[in-house]
Ligand SMILES: [Zn+2]
């Protein structure tokens, strides 16, 4: 159907169709809805897209999304600096923040080790993790990583590094109840909370 469309509209439908879960039909529905909203709707959406593209960066401490400087999670003085929860990516934080009974700060690795894809320790935020542990006398590091080959490889690497560099820091890991292959980001809240409450020391 796209061959009948003006080029700019065709490009918009193609771009919308690249979003997860959006097929060609849904992309077309979104485009029609925007067109019906008139120029103002496009301006608002354009401003929103431009704002995110130019203003959202990463918190220099934990790596979560932030406007500039530190994120609200790191500014929250209620959270002890001595307990860090290590996750793969920012959406994992959103999943873990659904329950607030367990205060900690986060450290986002922005990836996982993957020898097969050539992702080594220097490609993810490991150096800054070790620096934070050193600077803030961290006492517990909780690994809330995906139950995947990459998540396991990262956890094992961290275990070896902590044994060698920080033998007194308690290293814990979400309970093994995480289903194999599960991403933290997509786990339901009760499974995730259960895995965190029953986290075990990682030896
Ligand atoms: Zn932060």
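Report summary: the helix-based calculation at 222 nm, which adds -39500 (n - 2.57) for every DSSP H run with n ≥ 4 and divides by the residues of the chain, gives -14000 deg cm²/dmol. Run the Debye formula on the Cα coordinates of the stretch 122-200, all scatterers equal and no solvent, and tell me log10 I(q)/I(0) at q = 0.20, 0.25 1/Å. Taken in order of the listed q values, log10 I(q)/I(0) reads -0.94, -1.23.
When the alpha carbon gyration tensor of the stretch 2-55 is reduced to an equivalent ellipsoid, the three semi-axes, largest first, read 19, 14, 10 Å. Between 170, 77, 18, the residue with the greatest mean-square fluctuation in the GNM of the chain (Cα pairs under 10 Å linked by springs) is 18.
Between 0 and 90 degrees, the angle of helix 149-165 with respect to the longest Cα principal axis of the chain falls at about 40 degrees.
Please state the shape class of the chain: rounded when a/c is under 1.5, otherwise prolate if a/b exceeds b/c and oblate if not, all from the C-alpha gyration tensor.
On the way: a/c = 2.37, a/b = 2.01, b/c = 1.18.
Cα axes put the chain in the prolate bin.
For the chain, the relative contact order comes to 15 percent (Cα pairs under 8 Å, sequence separation of at least 6). Summarising the strand pairing of the chain, around 30 percent of its internal DSSP beta bridges are antiparallel.
What separates the Cα centres of the stretch 1-69 and the stretch 116-191 is a distance of 34 Å. Each of 108, 124, 11 has some number of other Cβ atoms within 10 Å of its Cβ, and from fewest to most they run 11, 124, 108. Using only Cα atoms and rounding to the nearest 10 degrees, what angle (0 to 90) does helix 7-17 make with the longest principal axis of the chain? Orientation of helix 7-17: about 30 degrees from the principal axis. Between the helical axis of 24-55 and the longest alpha-carbon principal axis of the chain there is an angle of about 50 degrees. Test of understanding: in a Gaussian network model of the chain with alpha carbons linked when under 10 Å, which of 132, 163, 41 would top the mean-square fluctuation ranking? Result: 41 has the largest fluctuation of those listed.
Laboratory data are not the source of any read-out in this text; all were calculated from the coordinates shown. Given the structure is predicted, the values throughout are model-derived calculations rather than measurements. Ideal geometry is used to build each Cβ from the backbone, glycine not excepted, and the neighbour counts take in all protein chains shown.
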